[in-house]
1. All but one of (1) out of contact with any strand residue (DSSP E or B) (no Cβ under 8 Å at 6 or more places or on another chain); (2) at pLDDT 95 or above hold for residue B:6; state the number of the condition that does not hold.
2. Within region B:152-177, how many residues are within 20 Å of the chain's Cα centre (by Cα) and either in a helix (DSSP H, G or I) or basic (Lys, Arg) (or both)?
3. Let me confirm something: among B:368, B:295, which residue is buried (at least 16 other Cβ atoms within 10 Å of the Cβ), among the basic types (Lys, Arg) and within 20 Å of residue B:239 (Cβ to Cβ)?
4. Kindly provide the set of residues from region A:50-72 that are out of contact with any helix residue (DSSP H, G or I) (no Cβ under 9 Å at 6 or more places or on another chain) and charged (D, E, K, R), ordered by number.
5. Is there a residue in region B:237-249 that is β-branched (Val, Ile, Thr), surrounded by 20 or more Cβ atoms within 10 Å (Cβ to Cβ) and within 14 Å of chain A (Cβ to nearest Cβ)?
6. For region A:61-77, give me the residue count where each residue is away from chain B (no Cβ under 13 Å) and either crowded, with 22+ Cβ neighbours inside 10 Å or under 16 Å from residue A:27 (Cα atoms) (or both).
7. Counting residues that are among the small types (Gly, Ala, Ser), more than 29 Å from residue B:21 (Cβ to Cβ) and at pLDDT below 95, which strands (runs of 3 or more DSSP E) fully inside region A:9-127 reach at least 1?
8. I'd like the full set of residues that are within 14 Å of chain A (Cβ to nearest Cβ) and assigned to a strand (DSSP E or B), limited to region B:328-350.
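The values are calculated or read from the model by the stated rules, or taken from the named source; none is laboratory data. Quick caveat: nothing in here was measured; it's all calculated off a predicted structure. Positions of Cβ are backbone-derived with ideal geometry, glycine not excepted, and every protein chain shown enters the neighbour counts.
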Amino acid sequence: MFPADLKYTKDHEWLKPAGDGTALVGITQYAQDALGDVVFVDLPEVGAAFAAGEEFGTVESVKTVSELNMPAAGEVLEVNAALAEHPEAVNEDPYGKGWMVKVKLTGDLAGLLDAKAYEALVSAESH
Amino acid sequence: MSTPVSDLMKTPLNAAHRALNAKMVDFGGWDMPVQYPGGIIAEHEAVRTRAGLFDVSHMGEIRVKGPGALALVEHLTPNAVANLAIGQVHYTAFLYENGTFVDDLLVYREGEHEFLLVVNAGNSDKDFAWVQQHAPAYDCTVVNESPATGQIALQGPLSLSILQPLTKTALAPIGYYFFTHGEVAGIKCLISRTGYTGEDGFELYCAAGDTEPLWNAVLEAGRPLGLAPAGLGCRNTLRLECKMALYGHEIDDSIHALEAGLGWIVKLDKGDFIGRAALLAAKAAPAPRKLVGFKTLEKRDIARDHMPVVQDGKQIGFVTSAAPSPTCGINLGLAYVPTELAKVGGRIQIEIRSRAVEAEIIPTPFYKRAK
């Protein structure tokens with residue numbers, strides 16, 4: 001449920017470093033399940049720069065809306081344009097087709113959780 | 001702090017929901033299913049195209065019986081109770097003296113001198129106290145039957161086809177907003193052709209202990225026809241598309257019956273009732289605000305409950321309920337706006353996360369089923 005090669009935030013985003021200074025960002029299985037059916041993902045412009053923890057967009061489900069916060073400082077290289085037509089990919093494949101932005105990392109990954117620590121956090125939240 | 005699950009009230013179907021892997025939420029102090037694994041959109045669509053089954057056992061039931069019952073219910077509600085035939089139901093409200101809402105409810109006429117009042121779960125205790133407070137002047141008994149009563153709602157175009165094989169009662173002759181008593185799957189029920197989704201359907205009231213076998217029998221009978229268990233999430237989007245009021249949103253103790261667009265339940269000429277004088281006065285003066293339906297113009301602009309309606313940076317109204325509409329495919333909502341702006345085709349602005357976005361006032365209900 002929480003792949004070991006990803007880094008996680010307390011706000012339920014994930015970050016997947018590619019090893020070349022770039023990374024993909026999305027929301028976790030736990031987050032998509034809590035939101036329910038996703039109907040719209042509001043994403044930033046390519047080129048926009050964000051600090052770690054800064055809001056970079058929103059994800060809207062039928063029943064609620066949630067802010068998207070950048071796990072680490074970075075500049076947006078690409079957004080997942082397919083989500084405009086298929087926002088349900090966030091529910092169906094949160095770590096794959098449901099990715100949201102690709103960023104060039106401009107800071108470190110300090111403060112992010114590994115899969116084990118994130119799983120512990122989620123299990124505390126849901127009990 | 002949210003209430004610990006152990007302190008929430010539970011319907012007789014709590015274990016059944018958990019066995020179906022429902023996502024449970026605190027709904028006004030009740031531990032209720034917001035959705036099952038299929039999700040809100042799939043459940044919404046099941047109700048519009050096939051059928052959905054809801055647990056509504058949290059609703060409150062108050063029975064008023066005796067020679068003074070009719071007079072008491074007439075006094076407490078604005079609709080014309082005397083016009084109800086035995087076996088007929090109507091939508092109405094409990095109002096305060098100023099015409100605002102204690103609650104909205106259904107009145108079932110069980111007999112010449114016997115009525116069943118079905119009220120919202122979250123208001124159930126307040127409503128029972130309200131009825132009791134006014135009852136002493138009338139020759140009747142008032143009993144809170146809520147804990148002893150279970151209720152499920154079968155809603156959607158295939159409801160009749162699903163339910164008929166389970167009962168000897170002929171269902172087709174039961175008109176919309178009529179009811180009868182009978183057995184469903186061998187269980188004694190009040191069978192009511194009513195609902196809160198805008199679709200054809202039946203609400204079944206039974207003894208609390210019979211709720212789970214009744215639920216299981218209907219669910220099993222309906223599965224081959226595409227019946228899905230349906231949660232509170234789609235119950236909200238379904239009722240919103242039909243502009244059906246929800247207490248705490250379109251109606252509450254600060255909004256009166258006429259501005260809520262519920263003039264049709266207010267029979268000012270039926271004789272006195274609580275709230276009549278205030279509503280007579282309200283009717284004589286121009287209404288300062290009105291409930292309208294709107295859609296936002298951009299796909300990304302999704303209004304939500306309680307957001308402000310703004311004009312030139314000032315709040316002039318508020319959204320009561322709003323959501324992306326699964327049936328209509330647009331972002332819908334209901335809002336109170338100043339009467340001079342309440343025209344179909346007119347524009348209003350809604351503040352969504354500090355941004356004023358454009359919305360157009362459109363006709364309601366947003367959805368109406370084909371007859």
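1. Result: residue B:6 passes all but (2).
2. Result for region B:152-177: 1.
3. B:295
4. Narrowing region A:50-72 to residues out of contact with any helix residue (DSSP H, G or I) (no Cβ under 9 Å at 6 or more places or on another chain): A:50-58, A:67-72.
Once the filter is applied, which keeps residues that are out of contact with any helix residue (DSSP H, G or I) (no Cβ under 9 Å at 6 or more places or on another chain) and charged (D, E, K, R), region A:50-72 yields A:54, A:55, A:67.
5. Checked region B:237-249: at least one residue is β-branched (Val, Ile, Thr), surrounded by 20 or more Cβ atoms within 10 Å (Cβ to Cβ) and within 14 Å of chain A (Cβ to nearest Cβ).
6. Residues that pass the stated criteria total 6.
7. Working: elements: A:13-17, A:22-27, A:38-42, A:55-61, A:65-69, A:74-79, A:101-105.
No strands (runs of 3 or more DSSP E) qualify here.
8. Scanning region B:328-350 gives B:331, B:332, B:333, B:350.
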